[in-house]
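Notes to accompany the following structure.
The values are calculated or read from the model by the stated rules, or taken from the named source; none is laboratory data. Just so you know, these numbers come straight off a predicted model, no measurement behind them. Cβ atoms come from the backbone with ideal geometry, glycine included; neighbour counts cover every protein chain shown. With ligands, DNA and RNA removed, areas are computed over all heavy atoms of the protein, side chains included. Shrake-Rupley method; radii C 1.70, N 1.55, O 1.52, S 1.80 Å.
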Amino acid sequence: MTADIGLSCPPNTVEVLLEINRNIITMSVKPQVDYTLYLVTERSLLPDGHDFLAHLESCLKGGVTLVQLREKNLDTRPFIELARKTKEITQKYNVPLIINDRVDVALAVDAEGVHVGQDDMTLAQVRNFIGPNKIIGVSVNNVQEAQDAIGGGADYLGIGAVWFTSTKKLSKKPLGVDGVQATLTTSPLYTAILQSMSDTNVQTVAIGGINQQNTPQLMAKTSVNGRHLDGVAVVSAIMSSTEPEQTCKDFAGVVRHYVSKCIKSGTVTQEQSDTKEIIENIIKLVPTIRQKGPLVHHITNNVVINDNANATLALGASPIMATHPEDVKDLAAVNGAMVLNMGTVDETITNAMVLAAQENVIHGNPVIFDPVGAVATNLRKKVSARFLQECEFTVIKGNAGEILGLAGKGGKSRGVDSVGTDDESIAAQAVRELALKHKCVVGMTGVIDYISDGQRVIALENGHELMASITGSGCMATTVVGCFAAIENTDILLATIAAITTLNIASELAAQRPDVQGPGTFRAALIDELYKLSKAPETIRSAARMRWLDL
């Protein structure tokens, strides 16, 4: 028997095998599992002074719905003893226990299931040993692996690693949010199963580098094509927590929030708020920037560094304009938002921007991307394509030529200047489709600004023609979006609307000043008016002009 079991069960004593046989039972039905918050244990991560079993019980009190006991280096007998004690606690909370890899240990303690990776015992072998009424989960990293697991009868898929993780050496590149989407939707077989989810028990959880900050983005962005993640599998963020019960409550609340808002189309339902309500929310948000003073990290082009920093300060946020790759990780840990502007195309800076985007996503920080001149030259087309492939953006903000070009709607640039369209239907279609494709908010600035979250499109009609006469006014708009996103990262559409509306009204107020004689004096006055609005935003109530578009 031991020889047949293979990699997941090393040879052991007759006593252990007899214990396995004594504990094999035939269950009448397979356990019903809530995958919302799946704890994968790692005892080495426990804070000093924390007992594993006490820590586990706190997690269960906080809302963990499934537990996987993972012990890569523990001998069989002590593993069984630990699993037995673990199950005594999980049973108190009616939470299933899954054993990682080790079928023998799972059978010995009558665990509810087993989880295997791509290099462990095959799914068919596991099923043969544990029977039809136990849970089997399979780790998958690509579409083919997902197909094989589903075809083999897996009960759930662990999709990942989504992001880099310190708990496991990765042999494959992390998927990122887009990779999770591909795994869920690209395969014809999986698409067919997803379309009939009511008839299958196959569930999905994401794993790898997941924390409280990046979980909202993960849950929102992987809701596609009638399918959403059923939960998250978490290791470090829970096992290393000094307050595990509260940490688990927070995690479970976020996941349930997004799952409850998912509809059959696989998107998160959003309504068109009354524009008066939006304007009142903008008035509340503007002074919040100064109250909270978030750090906004910029990697931007050489022409606009000074103006972007001054606009950030005028609103009450704190700018940092660091470009060195070695700064990125440390700054991401304390950052409020990341603003990336590809106006200066340089290999070192481009690499730093990609790294910055990835690090800030891990920390749950909004990442704002300005694809300056994205379609102006072949080089810029390649660079912008790289950004969209390797980075996950919260907002993409560009001019008409840039956004239309990225959306495949024929946009052009003359240098970094926009050559766009006056056709509102094309503009609306471009921002909506680009937002839907990249699971983010897209803003297209021009005479009229169009903003979309992939479902709704709003037109903003404020602004002054002098904005087009100063260098980098569009880049300044991206900076202002970063400032608002740093203090409103739960409703990014609102943050983007607020940012562009505030800047546009500031431009109108600046142009009305008697000391403004042209672009030079207007540029300084624009910063002044941003500052004044941050102190007294009530002017926005009567000045703001916006309307939702019928799609």
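Once you have the Cα-Cα distance between E424 and K381, take 0.36 nm times their residue separation minus that, and quote the gain in nm to one decimal.
13.0 nm
If we sort 426-437, 236-247, 84-95 on the protection proxy, mean other Cβ atoms within 10 Å, highest first, what's the order?
Result, highest mean first: 426-437, 236-247, 84-95.
Using only Cα atoms, figure out Rg for the stretch 347-405 and give it as a multiple of 2.2 N^0.38 Å.
1.10
Tell me, what % of the accessible area of the stretch 44-84 is carbon and sulfur with a 1.4 angstrom probe?
Answer for the stretch 44-84 is 45 percent, counting heavy atoms of protein chains only.
Compute the distance in nm between two label points, each set 7 Å from the Cα along the Cα-to-Cβ direction, one at K276 and one at K437.
Label-label distance for K276 and K437, simple model: 3.9 nm.
Run the simple label-point estimate for L551 and S318 please: 7 Å along Cα→C-beta, distance reported in nm.
3.8
What does the accessible area per residue of the stretch 479-551 come to in Å², with a 1.4 Å probe and no ligands, DNA or RNA counted?
That works out to 40 Å² per residue.
Considering only protein heavy atoms, what is the solvent-accessible area of T490 at a probe of 1.4 Å, reported in Å² to the nearest 10?
110
In the stretch 446-538, what percent of the accessible surface is made up of carbon and sulfur (1.4 Å probe, ligands and nucleic acids excluded)?
The nonpolar share, carbon plus sulfur, comes to 50 percent.
Keeping every protein chain in place, order L53, L549 by accessible area at 1.4 Å, biggest value first, i.e. largest first.
Solvent-accessible surface, decreasing: L53, L549.
The stretch 405-551: percent of C-alpha pairs farther apart than 21 Å?
Everything past 21 Å amounts to 44 percent.
Apply the Debye scattering formula to the stretch 447-511, with a single equal point scatterer on each alpha-carbon and no solvent, then give log10 I(q)/I(0) at q = 0.22 Å⁻¹.
-0.92
Of V103, T122, I135, which is farthest towards the positive pole of the stretch 95-156's charge dipole, taken about the Cα centre with +1 and -1 on the beta-carbons of Lys, Arg and Asp, Glu respectively?
Final value for the positive-end residue is I135.
Heavy atoms only, 1.4 Å probe, whole protein assembly: order K439, K284, K249 by accessible area, highest first.
K284, K249, K439
If each residue of separation counts as 0.36 nm, what is the full-extension length gain between T471 and N142 once their alpha-carbon separation is subtracted?
Gain on stretching T471 to N142: 114.0 nm.
Protein chains only, probe 1.4 Å: how do K292, K397 rank by accessible area, largest first?
From most accessible down to least: K292, K397.
Would you mind checking the pairs K397/K535; K30/K87; K249/K284; K292/K397 and listing those with alpha carbons more than 22 angstrom apart?
Where the Cα-Cα span goes over 22 Å, the pairs concerned are K397/K535; K249/K284; K292/K397.
Per-residue counts of other Cβ atoms within 10 Å, averaged by peptide: what ranking do you get for 32-41, 69-78, highest first?
Per-residue mean Cβ counts within 10 Å order the peptides as 32-41, 69-78.
Any chance you could look up the accessible area of R456 with a 1.4 Å probe, heavy atoms only, rounded to 10 Å²?
Answer for R456: close to 20 Å² accessible.
Can you give the percent of C-alpha pairs in the stretch 314-433 whose distance is more than 24 Å?
The calculated P(r) of the stretch 314-433 puts 30 percent of pairs beyond 24 Å.
Suppose R0 equals 25 Å. What FRET efficiency, 1/(1 + (r/R0)^6) with r the Cβ-Cβ distance, do Q517 and T539 give to the nearest 0.05?
E between Q517 and T539, to the nearest 0.05, is 0.65.
Obtain the nm distance between the two label points defined at A54 and R77 by a simple spin-label model: each point lies 7 Å from its Cα along the Cα-to-C-beta direction.
In this crude spin-label approximation the distance works out to 2.8 nm.
With every protein chain left in place and a probe of 1.4 Å, what is the accessible surface of H464, to the nearest 10 Å²?
Near enough 60 Å² of accessible area.
Quick one: Karplus J couplings for the stretch 526-536, per residue in order, coefficients 6.51, -1.76, 1.60, θ = phi - 60°, nearest Hz, x for Gly and Pro?
Coupling constants for the stretch 526-536: 4, 5, 4, 6, 4, 4, 5, 5, 5, 8, 9 Hz.
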